[in-house]
Amino acid sequence: MEQSVGSVDPKALLITVAPTGAETAKVDVPQLPTTLEELVRTAQECEAAGAAMIHVHIRDDDHRPTLDLARLTDTVQALREATDLVVQLSTGGSVHDPLEHRLRVLDAAPDSCSLTMGTTNFGDDVFSNPWPFVCELYQLSQEREVVPEFELFDLGQVAALERLLDTYGLPFGGRVHCDLVMGVPGGMPGTTDALVAAVAALPGQVTTWSATGIGRTTLPVALAALSKGGHLRVGMEDVLTISRGVPVESNRQLVERAVALGELAQRRPATTAEARALLGLALAEV
Ligand code: KMH
Ligand code: ZN
């Protein structure tokens, strides 16, 4: 029986894996997937472990972050061929990427793109997201039929999301999915109190949300998100230790831990079909 878009079992837990990021050097963490081959293998392992979406940053031949369009396009194609994951490209890139290169990411035609709702101090750097850029990227995502995931680094960005939706309407697909990125030095802290405040302030149009805690805030944020009925993002973009002083071996290990935490909360990993329904990428058949 055909159901309405987005009517997904509330027990389904969307696990997004963010395997690489733009901040960690391969030389420091050799297990970080930086080549296309490593990324595809990681994606397959993480899908098998329970992930349904992948948040992708790519690297060049020297393992440095890049937004090279041909490489991004090849990456989307390779991930689609090798997995059924929802492919989300980062439009955040690295703190050094010019805004015009970040807009060009949509030319690679991913299923989804990240869209950060404001400028954030990012450690010693600045992650620049001026309001006109946010509006341009959002309108481009609507035009190109790419589903945005709104990245919220602080409470002000939650308010900015409401302003954006009130001004430009709903995203392509009609769903509003956002991700609380917590514990960045310069953003909201990775605490239960901050998560509860952010979730309480989400605009009414939001249909689903996930959360991720950077570094040592990973576990508190994941547990708080589960207790509030949210979804999870995990991966080596956000954390490099599995416990104090113990390096993460692989992204699969982090996905497996998310599945185990979800089981304790009586949730089960969302399938890729459910993820598509939840994001408005397809009519729900689940
Ligand atoms: N690498 C950060 C500067 C995103 O992917 O959209 C930005 C980031 C957010 O990771
Ligand atoms: Zn990212």
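Pop the C-beta distance of R268 and L69 into the FRET formula with R0 = 45 Å and round what comes out to the nearest 0.05. Can you show the working numbers first?
Details: r = 37 Å, r/R0 = 0.83.
So the FRET efficiency works out to roughly 0.75.
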Could you calculate the FRET efficiency of T241 with E23 from 1/(1 + (r/R0)^6), where r is the beta carbon distance between them and R0 is 25 Å, rounded to 0.05? 0.95
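Keeping every protein chain present and rolling a 1.4 Å probe, give me the accessible area per residue for the stretch 179-286 in Å². Each step should come with its number before you reach the end.
On the way: 4530 Å² over 108 residues.
Here the residues of the stretch 179-286 average 42 Å² of exposed surface.
Can you give the calculated 222 nm mean residue ellipticity of the chain, where each DSSP H run of n ≥ 4 adds -39,500 (n - 2.57) and the sum is split over every residue, rounded to the nearest 500 deg cm²/dmol?
-11000 deg cm²/dmol
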Pick out which of P247, P110, P65 has the largest mean-square fluctuation in a Gaussian network model of the chain, springs linking Cα atoms closer than 10 Å. P247
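Only four residue types carry charge here, +1 at the Cβ of Lys and Arg and -1 at the Cβ of Asp and Glu. Report the dipole size of the stretch 7-152 about the Cα centre in Debye, rounded to the nearest 20.
Numbers: 10 positive and 25 negative charges, 34 e Å.
The dipole of the stretch 7-152 has a size of about 160 debye.
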Go through D154, D107 and list them by solvent-accessible area, largest first, probe radius 1.4 Å. D107, D154
Count neighbours as other Cβ atoms within 10 Å of each site's Cβ, and list the GluC sites (Glu not before Pro) in the stretch 184-277 that are DSSP loop with at most 15 such neighbours. E249
Could you let me know the centre-to-centre spacing of the stretch 20-73 and the stretch 158-217, using Cα atoms, in angstrom? 24 Å
What is the gain in length, in nm to one decimal, between R144 and A82 on full extension, counting 0.36 nm per residue of separation less the C-alpha to C-alpha distance? 20.0 nm
Placing unit charges on C-beta atoms (Lys and Arg positive, Asp and Glu negative, everything else neutral), compute the dipole magnitude of the chain about its Cα centre in debye, rounded to 20. 700 debye
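List the GluC sites (Glu not before Pro) within the stretch 119-223 that DSSP assigns to loop and that have no more than 15 neighbouring Cβ atoms inside 10 Å. Provide the component values of the computation, followed by the final result.
Details: sites: E136, E143, E145, E149, E151, E162; in loops: E145.
Filter output for the stretch 119-223: E145.
Evaluate the charge dipole of the stretch 222-276 about its Cα centre and quote only its size in Debye, nearest 20, assuming +1 on the Cβ of each Lys and Arg and -1 on the Cβ of each Asp and Glu. Display every interim value, and only then the final one.
Details: 8 positive and 6 negative charges, 33 e Å.
That gives a dipole near 160 debye.
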Among L164, L14, L264: highest mean-square fluctuation, GNM of the chain, C-alpha pairs under 10 Å: L264
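In a shell of Cβ-Cβ distance under 11 Å around G118, excluding G118 itself, what net charge do Lys and Arg (+1) and Asp and Glu (-1) give? Show your work: numbers first, answer last.
Details: positive: R163; negative: E151, D154.
Once positives and negatives cancel, what remains is -1.
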What shape does the stretch 1-144 have by the C-alpha gyration tensor, where a ≥ b ≥ c are the square roots of the eigenvalues, rounded means a/c under 1.5, and otherwise prolate means a/b greater than b/c and oblate the rest? oblate
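Could you tell me which of rounded, prolate or oblate describes the stretch 207-286, using a ≥ b ≥ c as the square roots of the eigenvalues of the alpha-carbon gyration tensor, with rounded for a/c under 1.5 and, failing that, prolate when a/b is larger than b/c and oblate otherwise? Please list the in-between numbers first.
Numbers: a/c = 2.14, a/b = 1.86, b/c = 1.15.
The shape class here is prolate.
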Counting only backbone N atoms under 19 Å from a point 7 Å out along Cα-to-Cβ of D62, the residues of the stretch 86-109 in range are 94-98
For the stretch 24-93: rounded, prolate or oblate by the Cα gyration tensor [a/c cutoff 1.5]: oblate
Just from the alpha-carbon atoms, what are the Rg and Dmax of the chain in angstroms? 17.0, 53
Among D62, D166, D111: highest mean-square fluctuation, GNM of the chain, C-alpha pairs under 10 Å: D62
Ranking H177, A48, G190 by how far each Cα lies towards the positive end of the charge dipole of the chain (+1 on Lys and Arg Cβ, -1 on Asp and Glu Cβ), the top one is G190
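Under the 0.36 nm per residue contour assumption, what length would be gained going from the current alpha-carbon distance of T167 and D125 to full extension? Mind showing how you got there, number by number?
Working: separation 42, 0.36 × 42 = 15.12 nm, distance 2.98 nm.
Extra length available between T167 and D125 comes to 12.1 nm.
Compute the signed sum of charges (Lys and Arg +1, Asp and Glu -1) over the other residues within less than 10 Å, Cβ to Cβ, of G262. Please report the intermediate quantities before stating the final value.
Details: positive: K11, R257, R267, R268; negative: E263.
Combined, the nearby Lys, Arg, Asp and Glu give +3.
The values are calculated or read from the model by the stated rules, or taken from the named source; none is laboratory data. Remember, it's a predicted structure, so these values are computed and weren't measured experimentally. Neighbour counts run over all protein chains shown; Cβ positions are idealised from the backbone, glycine included. Heavy atoms of the whole protein, side chains included, go into the accessibility calculation; ligands, DNA and RNA do not. Shrake-Rupley method; radii C 1.70, N 1.55, O 1.52, S 1.80 Å.
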